[in-house]
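So the structure is just underneath, and the comments pick up after that.
The values are calculated or read from the model by the stated rules, or taken from the named source; none is laboratory data. Everything quoted here is computed from the prediction, not taken from an experiment. Here the Cβ positions follow ideal geometry from the backbone for every residue, glycine too, while neighbour counts run over all protein chains shown. In case anyone asks, the SASA skips ligands and DNA or RNA and just uses the protein heavy atoms, side chains included. Shrake-Rupley method; radii C 1.70, N 1.55, O 1.52, S 1.80 Å.
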Amino acid sequence: MRSRIGARAGWHLAPLIAATLTTVTALIPVTAKGADMPTKPTFFDIKDPGSAAATIPRLQPWKRVPLDPEYSGAWTLTGDVDGDGQAEIVSARNVNTGDVHYTSTVVAQRLDGSVLWRWGNPAIGRRGLHHDVACQLHDWDGDGRLEVILCTDGFLVELDGATGRERRRLAIPPEATDCLVFADLSGRGRATDVLVKTRYTQIWALNEAGRELWTITTPAGYPTAHQPIPVDVDGDGRDEVMAGYALLGADGAIRWALPDGGRFQGGGHLDCGRVLRRGAKAAETVLLLTCCGHNRLLAVDGNGGVLWEIAGHHFESIDIGKLRADRPGPQLLVDVVPTATVGDQNELWIIGADGEWLGRIPAEYTRFHTLADLNGDGLDEIILPHSRGVFDGNGRRIGTLDMESQADLYGGRPYAEGEIGNLVVRGDMNGDGIPDVTLTTPQAAYVFTASPVVGGGPRAPLGCGVNYTLY
């Protein structure tokens with residue numbers, strides 16, 4: 001019988017009716033640390049007590065899925081690849097030579113751990129990673145069934161999701177194997193075009209047949225993002241592409257670049273991009289961007305105007321959700337990573353849609369996180385895989401995920417080969433339409449299911465969806 005997190009002993013949180021995400025009506029500028037940036041957050045600054053806290057309820061997984069030791073990798077995706085109405089786990093590993101990457105193995109497994117199929121060469125590549133792997137799940141041909149698409153050495157390969165059989169192998173430029181993104185550049189109403197790229201210099205856009213639509217090198221003179229972000233900023237039915245610090249039109253031409261004003265001096269690049277608000281026109285669209293090496297978080301409109309920013313910290317990945325009922329609109333969860341130039345410590349920040357600094361959780365290690373309403377109270381919880389912690393919108397640890405962790409296996413430090421465990425994937429895994437969370441260790445994937453939302457809510461499809469990214 002399925003175990004529900006919301007029903008576990010010790011999980012005593014009063015249900016709240018799901019708050020409606022209200023439109024952000026005002027965006028207030030917040031400037032650099034030491035200027036207008038407050039010295040402390042509005043609501044809380046709470047250090048994580050860690051997984052050993054005896055008073056915190058331990059939450060049991062619904063499934064523990066042993067990962068195939070020969071073909072599996074840290075890069076983990078979820079979805080119904082064989083069309084049986086149940087989710088599967090797809091994981092991949094890649095080759096890294098001088099920061100040039102390509103996918104070397106993929107394995108699809110059912111939730112009982114049995115292998116559906118394997119692809120690739122297990123004699124090469126690595127299980128660990130510190131970047132996206134060029135492997136995605138997508139219904140590329142629109143027939144209602146997922147394919148597994150990857151970039152291997154010199155080729156873009158399309159695999160049948162049910163069997164792993166190669167359907168197509170399309171030649172791509174050398175080293176254009178860093179990551180893989182699907183977009184609707186052609187205005188067909190679904191993502192039939194694909195973006196491939198080198199690590200930081202060049203992007204190519206290809207149509208469904210593999211024909212080059214356009215290419216660009218160092219857009220507006222800046223490095224490319226880790227993963228280009230396709231989004232229809234102006235409502236014309238075709239995606240634009242946030243390629244780095246520049247937005248490209250569907251034709252690959254530069255629409256605008258972020259205003260520098262001293263922001264982007266020295267080395268750096270776009271780490272993470274999220275859509276905070278979609279509008280009918282560019283002026284109504286709001287994008288969130290973190291700038292690695294330039295130590296800032298920006299909110300910009302679809303024309304490139306800066307609405308607010310926070311500078312002076314190395315921000316990495318952003319999640320958007322509803323963490324607090326006492327603040328309008330969605331909130332942001334972003335991790336702060338220590339660097340030699342900035343200092344800081346590992347922290348999670350909660351920030352309002354208007355840039356207000358709401359709360360901070362210092363923790364041992366904060367890379368990789370997500371938001372999900374696990375207890376069904378209508379508000380999201382923070383999931384932090386490294387410490388196996390579940391936190392509420394007040395920064396309190398309200399649950400510990402009962403699973404082995406990288407902290408157990410490697411003395412609390414990331415694996416020497418790169419991140420190999422402690423990654424988290426959000427998406428429905430048991431078919432009830434409610435987003436669950438899947439966390440990984442080197443040996444297994446753990447699925448923690450969410451309770452039904454009070455008052456109901458929109459149904460989510462199986463799995464993580466297309467264009468999954470670590471950033």
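Some values worked out for this structure:
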item: Long-range HN-HN contacts of ASN375 with modeled amide H, under 5 Å; result: SER451
item: Segment 308-411: C-alpha gyration tensor shape, a/c 1.5 cut-off, then a/b vs b/c; result: oblate
item: Cα-based shape type of segment 97-249, given that a ≥ b ≥ c are square roots of the gyration tensor eigenvalues and the cut on a/c is 1.5; result: oblate
item: Cleavage-rule hits, trypsin sites (Lys or Arg not before Pro), segment 196-287, DSSP coil, Cβ neighbours within 10 Å at most 10; result: ARG211
item: Mean ellipticity per residue at 222 nm, deg cm²/dmol - from DSSP H runs of n ≥ 4 across the chain, formula -39500 (n - 2.57); result: 0 deg cm²/dmol
item: For segment 77-176, accessible area per residue (1.4 Å probe, heavy atoms of protein chains only), Å²; result: 36 Å²
item: Shape of segment 105-180, Cα gyration tensor, a/c cut at 1.5; result: oblate
item: Rounded percent of accessible protein surface that carbon and sulfur make up, the chain, 1.4 Å probe; result: 51 percent
item: Estimated inter-spin distance, ASP402 and ARG278, nm [label 7 Å along Cα→Cβ]; result: 4.0 nm
item: Per residue solvent-accessible surface (Å²) - segment 347-393, probe of 1.4 Å; result: 13 Å²
item: Full-extension gain in nm, ARG167 to ARG110, via 0.36 nm per residue minus C-alpha separation; result: 18.4 nm
item: Cβ-placed point charges (K, R +1; D, E -1), dipole of segment 173-267 about Cα centre in debye, nearest 20; result: 180 debye
item: Bridge type composition, the chain - antiparallel percent by DSSP, nearest 5; result: 95 percent
item: Computed lengthening from ALA123 to THR217, 0.36 nm per intervening residue step minus Cα-Cα distance; result: 30.5 nm
item: Cross-link pairs beyond the 32 Å C-alpha cut-off, checked among LYS63/LYS197; LYS40/LYS322; LYS197/LYS281; result: LYS63/LYS197
item: Built amide H within the under 5 Å cut-off of GLU147, gap 5+; result: HIS138, ASP139, TRP140
